[in-house]
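For reference, the structure discussed in these notes is given below.
The values are calculated or read from the model by the stated rules, or taken from the named source; none is laboratory data. These numbers come from a predicted model, not from an experiment. Here the Cβ is made from the backbone with ideal geometry for all residues, glycine too, and neighbour counts use every protein chain on show. Just the protein is used for accessible areas: all its heavy atoms, side chains included, with ligands, DNA and RNA removed. Shrake-Rupley method; radii C 1.70, N 1.55, O 1.52, S 1.80 Å.
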Amino acid sequence: MQRTKVKDLLQGAEVDKEVLLKGWVRTKRGNKFVNFIAVNDGSTINNLQVVAEAEKFNEETLKDVTTGAAIAVTGKLVASQGKGQAYEVQATSIEVLGKADPETYPLQKKAHSLEFLREIAHLRFRTNTFGAVFRVRNTLSFAVHKFFNEKGFVYMHTPIITASDAEGAGEMFRVTTLDLDNLPRTEEGQINFEEDFFGRSTNLTVSGQMEGEVAAMAFSDIYTFGPTFRAENSNTTRHLAEFWMIEPEMAFYDLKMNADLAEEFIKYIIRYALENNREDLEFLAQRQAEEDKSKPQNERQEMTLIEKLESVVNNDFERITYTEAIDILLNSNHYKKKKFQYDVKWGIDLQSEHERYLVEKHFKKPVIVTDYPKDIKAFYMRMNDDGKTVAAMDILAPGIGEIVGGSQREERMDILVERMKSVGIEPEAMWWFLDTRRFGGCPHAGFGLGFERVVQFVTGMGNIRDVIPFPRTPQNAEF
Ligand code: 4AD
Ligand code: MG
């Protein structure tokens with residue numbers, strides 16, 4: 001017999017028929033006559049109730065049906081008498097495929113803290129919370145591809161191992177085949193990378209943008225979606241050492257078109273999750289509401305998770321320049337009452353507290369901030385006519401802060417080379433990148449969306465470690 005997934009059974013597929021289901025036991029309750037076994041197979045947040053009358057089963061088998069065990073059940077799918085579910089299965093046979101010793105299985109019925117579950121990341125998928133989070137993550141990644149595919153963008157795979165530091169931020173993991181205990185040296189005493197597999201110094205990529213720009217100069221519109229790496233030792237709830245980034249790059253786009261695309265894209269993937277993961281999101285909304293109850297009044301969410309997401313997809317994002325953002329901060333009561341930890345003045349890199357003030361207290365919606373001072377942004381961003389700012393854009397989201405960083409790119413060769421030199425990048429080392437300016441260069445733009453930050457926004461999870469299956473941070477890399 002063919003197995004049916006729990007999600008389909010709960011929708012009444014094959015009602016009054018003999019069905020086969022397989023999954024993991026969430027709970028078992030009952031008395032000496034009848035057992036109610038809640039089974040989950042990951043296809044939905046909901047469990048299927050299996051009714052097993054004690055007299056029909058071998059006592060030993062039922063004893064092994066404990067929380068966490070993998071079982072196969074055959075039986076009849078019938079309309080349920082009990083409340084809480086429309087359908088249930090009246091079991092005729094139960095096979096225990098894999099036992100889970102109740103003495104040692106870590107996920108017993110009681111609720112566990114997220115911190116504890118992070119230590120057993122391999123088992124946390126089996127909880128309601130992480131089931132919901134990773135189903136939503138899956139839907140969002142599918143929506144990313146769907147959006148760009150519908151727009152005719154080419155999905156470009158960019159390298160993980162690279163010699164360039166795209167962001168010029170120097171936060172790279174080195175990749176080498178050299179023996180670290182016995183490094184080969186040149187006569188001058190430098191590490192001799194010529195003896196490395198790659199014959200030069202290489203790193204894990206911090207961004208696929210450079211390669212994306214090159215590809216956009218042939219396909220017009222491309223996007224990347226892959227893992228990126230930053231060796232920043234920031235232990236925050238927003239940073240990972242390994243995270244996934246979506247980087248579209250478009251020829252013949254200016255900053256305004258770039259911002260329009262980013263806004264449309266973000267709304268599209270959130271709407272797609274609202275339409276396709278309703279039950280998971282409702283569960284997560286409930287979870288957030290519960291969590292809120294233990295917080296002081298002023299830190300509680302004004303809207304439920306679902307209301308927040310609906311408001312984001314149904315309203316325009318705010319758009320302001322960096323200079324306007326600084327003015328808003330300087331004129332705020334928050335600033336006057338000296339509540340910001342970091343000083344505010346034109347030229348500063350906006351700190352997370354500043355970003356969050358703008359989106360959470362002032363505008364109460366996502367904000368696109370454009371035209372940042374050139375000195376705090378990467379060398380490839382297009383210089384504005386004022387000579388002080390660049391055509392950059394960051395998108396800030398309530399509860400998160402920066403989710404997107406992007407810009408119109410500097411297509412003018414002379415200005416680009418000048419900028420590279422001023423930040424200490426050897427133009428010759430990036431000859432291939434500059435070739436796209438040399439030969440048929442054109443105005444173009446792009447952005448990078450931090451995928452985990454969006455998953456955080458959509459699921460309402462407070463810590464970025466809880467929205468990626470196996471977080472890589474200074475503490476989490478055991479497996
Ligand atoms: O602002 P960033 O550094 O921009 C770039 O990498 C550009 N090359 C993008 C482009 O224009 N193609 O990073 C983009 C986004 C950030 O807005 C943030 O959402 C996310 O990537 N991000 C991180 N997410 C998790 N952990 C980290 N350590 C992150 N660093 C950046
Ligand atoms: Mg950024």
Strictly over 26 Å apart at the Cα level, which of LYS267/LYS293; LYS110/LYS267; LYS339/LYS365; LYS7/LYS32; LYS109/LYS267 would you flag in this model?
LYS267/LYS293; LYS110/LYS267; LYS7/LYS32; LYS109/LYS267
Given labels modelled 7 Å from the Cα in the Cβ direction, how far is it in nm from ARG438 to GLU195?
3.4 nm
Here FRET efficiency (C-beta to C-beta, MET257 to PHE36, R₀ 60 Å, nearest 0.05) is 0.60
Cα lying deepest toward the dipole's positive end in the chain, options ILE266, THR321, GLY440, charges on Cβ
ILE266
Is the shape of segment 1-140 rounded, prolate or oblate, going by the alpha carbon gyration tensor and its root eigenvalues a ≥ b ≥ c, with a/c under 1.5 for rounded and a/b larger than b/c for prolate?
oblate
May I ask for the angle, rounded to the nearest 10°, between helix 209-219 and the longest principal axis of the chain, with both axes built from Cα atoms and the value confined to 0 to 90°?
90 degrees
From the mean inverse distance of alpha carbon pairs (Kirkwood) and the Cα radius of gyration, derive Rg over Rh for segment 409-476.
1.22
Return the carbon/sulfur percentage of the accessible area of segment 147-199, one whole number, probe 1.4 Å, all protein chains in place.
46 percent
Cβ-Cβ cut-off under 13 Å around ASN192, Lys and Arg +1, Asp and Glu -1: the net charge is -4
GluC sites (Glu not before Pro) within segment 170-246: which are DSSP loop residues with at most 11 other Cβ atoms inside 10 Å?
GLU187, GLU188
Only loop residues by DSSP count here, and only those with at most 13 other Cβ atoms within 10 Å; note down the chymotrypsin sites (Phe, Trp or Tyr not before Pro) in segment 313-348 that meet that.
TYR342, TRP346
Protein accessible area in segment 260-414, 1.4 Å probe - carbon and sulfur %
44 percent
Projected convex hull area of segment 188-268, Cα atoms, direction-averaged, in nm², equals 8.9 nm²
Looking at PHE125, ALA143, ILE94, which one has the Cα that reaches farthest to the positive end of the dipole of segment 85-162 (charges on Cβ: Lys, Arg +1; Asp, Glu -1)?
ALA143
What is the spread of the Cα atoms of segment 130-192 along each of their three principal axes, largest first, in whole Å?
56, 33, 21
Can you compute the equivalent ellipsoid semi-axes for segment 371-410, i.e. the square root of 5 times each eigenvalue of the Cα gyration tensor, sorted largest first and rounded to whole Å?
21, 9, 8
Using a 1.4 Å probe, what is the accessible area per residue for the chain, in Å²?
49 Å²
Rounded, prolate or oblate: which one fits segment 152-307, using the alpha carbon gyration tensor with axes a ≥ b ≥ c (rounded when a/c is under 1.5, else prolate when a/b beats b/c, else oblate)?
oblate
Using the Kirkwood formula on alpha carbons, the hydrodynamic radius of the chain in angstrom works out to 25.5 Å
Between GLN286 and GLU428, with labels modelled 7 Å along Cα→Cβ, what's the label distance in nm to one decimal, could you check?
6.6 nm
State, to one decimal in nm, how far the label point of GLU299 lies from the label point of GLU187, with both points 7 Å from Cα in the Cβ direction.
6.3 nm
Evaluate E = 1/(1 + (r/R0)^6) for ALA79 and LYS110, where r is the Cβ-Cβ distance and R0 equals 35 Å; express this FRET efficiency to the nearest 0.05.
0.65
If each K or R counts +1 and each D or E counts -1, the residues other than VAL458 whose Cβ falls under 11 Å of its Cβ total +2
Got a number for carbon plus sulfur as a percent of segment 1-135's accessible area, 1.4 Å probe?
49 percent
